[in-house]
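Heads up: the structure comes next, in structure tokens.
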Ligand code: HEM
């Protein structure tokens, strides 16, 4: 890097040799801290902060028990969002890609989830169950994989056909699936599923991945998000529950989700892979911000648009600087 | 001999680059007279309030503020400090942009600031994930797709409360604090950038 500095660059780099003014840096720092502390304290007193209680499986199963039941069937059938997700949870989908870059696939399975087992069978097994559920569990565990899938998908299809209206589902060969789904729904209604998923058969537990994923597979969380104006397609990423400011600094990230082709899931390749395209765009823009002083055009904007004359107004006046010097 | 010692070399280089007079000066160039200069300091002040309120929250545990009204108030302090922090930082950023404050060998100062900005967004985001309330359930479920799609989710699992909690209270603030310190020390070392239209004719007159 043997570039010749312009006289102005050299001047800017050298210690300032011009007029000075008194400046008490510690006093300024202290005043700033006191002012901000007072400001924050008042804001906290006047407005408080949002804290909407977390939702529970119990709440879901009680308020929308058909949806909880149908979601459970989907977990058993392998048709739920989680069961078909792909990496990092399983290999049941390819995930998203940017052209030839299958970043999601390449990152591999790091938090393995078997939706049927982890969400339904294990929690049921970890509880004292009624004879019916016990029988259903043993029927399920002794059946072949093909048989299980057949029962569950047939039932799942039947439920889908009547648009989730359980009472309208015709009789059929669904094996133990209805008993299992019923068992889990009862368990959730009693509040036992929250605890069973949380402990996951262990004592200590700090990983909430399974709860969150199962929870999002149904309509309950989604409906609550819509009601609270939090949906990403309507700037929800920047919103907060209640009447509070949210993560306003995500405006640019959020922006892409409001415009085509990102809004259209059916448009290939970009809309269908919107998440990863937006991730890449934001990554590149962040690099752009970091390297801004190197970008031709943008880096000379502050010299062209004389906002600096306002910033340094008193200096420019006292020095009698009228026009930009070259 | 002493020139070859790490310790002696480090001390001498510090003294040469950042003597105490530069570190805590009592004078500034005459052009340092604008309200825009206040926003860097205000950002530090807001960051201090974030750390302070965050420490109280950390001491009492992540779910304390749901049940204690004092805890909720401390949570409010944390919340508003963050809102102010970002507001101050963004004004500071725009100010430095319109001043082209990367001039005169200050590129690294800009870079460190911009990295701090991006890192602050990540840090705040992990904070939203560890609220242990409805908001954090929602954000975790929604945000996982973006991270997973880029392969980041495989290592940075937003639905894992334990991982997010530790990152938010340990790793991220430590890095953020360190980078902020470096950022401010770089400013002190190089001095505040001269105005865009100032040149040696302005300093000659002062002599
Ligand atoms: C935690 C966040 C930050 C803190 C606490 C902080 C603090 C400061 C302080 C105290 C100063 C010196 C006083 C002043 O000019 O305001 C400064 C200068 C500067 N900051 Fe930041 N800053 C932060 C973020 C940023 C960001 C996001 C950018 C831009 C991308 C940035 C770019 C600069 C530059 C270029 C200077 C040098 C100005 C000069 O030499 O005149 N800073 N910062």
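For the range B:171-181, check the following and say yes or no: at least one residue is away from the ligand (no atom under 16 Å from the Cβ) and either farther than 22 Å from residue B:56 by Cα or at pLDDT 95 or above (or both). Looking through the range B:171-181, at least one residue is away from the ligand (no atom under 16 Å from the Cβ) and either farther than 22 Å from residue B:56 by Cα or at pLDDT 95 or above (or both).
Going residue by residue through the range A:247-260, is there one that turns out to be free of Cβ contacts under 8 Å to residues at least 12 places away in the same chain, out of contact with any helix residue (DSSP H, G or I) (no Cβ under 9 Å at 6 or more places or on another chain) and over 30 Å from residue B:135 (Cβ atoms)? Checking the range A:247-260: not a single residue is free of Cβ contacts under 8 Å to residues at least 12 places away in the same chain, out of contact with any helix residue (DSSP H, G or I) (no Cβ under 9 Å at 6 or more places or on another chain) and over 30 Å from residue B:135 (Cβ atoms).
Going residue by residue through the range A:281-291, is there one that turns out to be more than 15 Å from the ligand (Cβ to nearest atom) and more than 24 Å from residue B:153 (Cα to Cα)?
No, the range A:281-291 contains no residue that is more than 15 Å from the ligand (Cβ to nearest atom) and more than 24 Å from residue B:153 (Cα to Cα).
Scan the range A:87-114 for residues that are in contact with a helix residue (DSSP H, G or I) (Cβ under 7 Å, 6 or more places away or on another chain), over 16 Å from residue A:211 (Cβ atoms) and in contact (Cβ under 8 Å) with a residue 12 or more places away in the chain and the total you get is 7. Residues that are exposed (fewer than 13 other Cβ atoms within 10 Å of the Cβ) and at the interface with chain B (Cβ under 7 Å from one of its Cβ atoms): which helices (runs of 4 or more DSSP H) entirely in the range A:277-326 hold 2 or more of them? Where helices (runs of 4 or more DSSP H) fall fully within the range A:277-326, none carries at least 2 residues being exposed (fewer than 13 other Cβ atoms within 10 Å of the Cβ) and at the interface with chain B (Cβ under 7 Å from one of its Cβ atoms).
Residues in the range A:12-51 that are in contact with a helix residue (DSSP H, G or I) (Cβ under 6 Å, 6 or more places away or on another chain), modelled with pLDDT under 95 and buried (at least 17 other Cβ atoms within 10 Å of the Cβ): 1 in all. Would you confirm whether or not the range B:191-202 contains a residue that is more than 7 Å from every other protein chain (Cβ to nearest Cβ) and modelled with pLDDT of 95 or more? Yes, some residue in the range B:191-202 is more than 7 Å from every other protein chain (Cβ to nearest Cβ) and modelled with pLDDT of 95 or more. Of the candidates B:124, B:150, B:100, the single residue that is within 30 Å of residue A:226 (Cα to Cα), within 10 Å of chain A (Cβ to nearest Cβ), within 16 Å of the ligand (Cβ to nearest atom) and touching a helix residue (DSSP H, G or I) at 6+ places or on another chain (Cβ under 7 Å) is B:124. So residue B:112 passes all but one of these: (1) touching a residue at least 24 places away in the same chain (Cβ under 8 Å); (2) more than 9 Å from the ligand (Cβ to nearest atom); (3) more than 9 Å from every other protein chain (Cβ to nearest Cβ). Which condition number does it fail? Just one mismatch for residue B:112, condition (2).
Residues that are near the ligand (Cβ under 10 Å from one of its atoms) and surrounded by 13 or more Cβ atoms within 10 Å (Cβ to Cβ) number at least 3 in the following helices (runs of 4 or more DSSP H) confined to the range B:1-68: B:38-60.
Quick one: is residue B:77 touching a helix residue (DSSP H, G or I) at 6+ places or on another chain (Cβ under 7 Å), buried (at least 22 other Cβ atoms within 10 Å of the Cβ) and within 7 Å of chain A (Cβ to nearest Cβ)? Taking the combined requirement at face value, the residue satisfies it.
Criterion applied to B:133, B:105, B:160 was being within 16 Å of the ligand (Cβ to nearest atom), facing chain A (nearest Cβ under 8 Å) and farther than 20 Å from residue A:250 by Cα, and the one residue passing it is B:105. If you go through the range A:152-180 and keep only what is under 28 Å from the mean Cα position of the chain (by Cα) and part of a helix (DSSP H, G or I), you end up with A:156, A:160.
For the range A:199-213, the set of residues classified as part of a helix (DSSP H, G or I) and more than 10 Å from chain B (Cβ to nearest Cβ) consists of A:199 only. Scanning the range A:115-125 turns up one or more residues that are outside any loop (DSSP other than H, G, I, E, B), without any contact (Cβ under 8 Å) to a residue 24 or more places away in the chain and more than 20 Å from residue A:166 (Cβ to Cβ). Residues in the range A:93-110 that are over 15 Å from residue B:146 (Cβ atoms), facing chain B (nearest Cβ under 7 Å) and not in a loop (DSSP other than H, G, I, E, B): A:106 alone.
With the structure loaded, tell me whether residue B:87 is in a helix (DSSP H, G or I), within 13 Å of the ligand (Cβ to nearest atom), more than 7 Å from chain A (Cβ to nearest Cβ) and under 20 Å from residue A:44 (Cβ atoms) or whether it fails that test.
Criteria met by residue B:87.
Only one entry in A:225, A:216 is part of a helix (DSSP H, G or I), within 14 Å of chain B (Cβ to nearest Cβ), closer than 28 Å to residue B:139 by Cα and touching a residue at least 40 places away in the same chain (Cβ under 8 Å), namely A:216.
Annotation: of all residues in the range A:7-18 being out of contact with any strand residue (DSSP E or B) (no Cβ under 7 Å at 6 or more places or on another chain) and under 12 Å from residue B:195 (Cβ atoms), the one that is nearest to the other protein chains (Cβ to nearest Cβ) is A:12.
If I ask for residues that are part of a helix (DSSP H, G or I) and in contact (Cβ under 8 Å) with a residue 12 or more places away in the chain, which ones from the range A:187-198 would you list? Break it down stepwise before answering.
Start the filter on the range A:187-198 by keeping residues that are part of a helix (DSSP H, G or I), which leaves A:187-189, A:192-198.
Passing the criteria: A:187, A:188, A:189, A:192, A:193, A:194, A:196, A:197, A:198.
Applying the criterion of at least 1 residues that are surrounded by fewer than 17 Cβ atoms within 10 Å (Cβ to Cβ) to the helices (runs of 4 or more DSSP H) found wholly in the range B:90-207 leaves B:107-129, B:161-166, B:172-190, B:200-204.
The values are calculated or read from the model by the stated rules, or taken from the named source; none is laboratory data. This structure is a prediction, so every number in the text was calculated from the model and none was measured. Cβ: placed from backbone, ideal geometry, glycine included. Neighbour counts: every protein chain shown.
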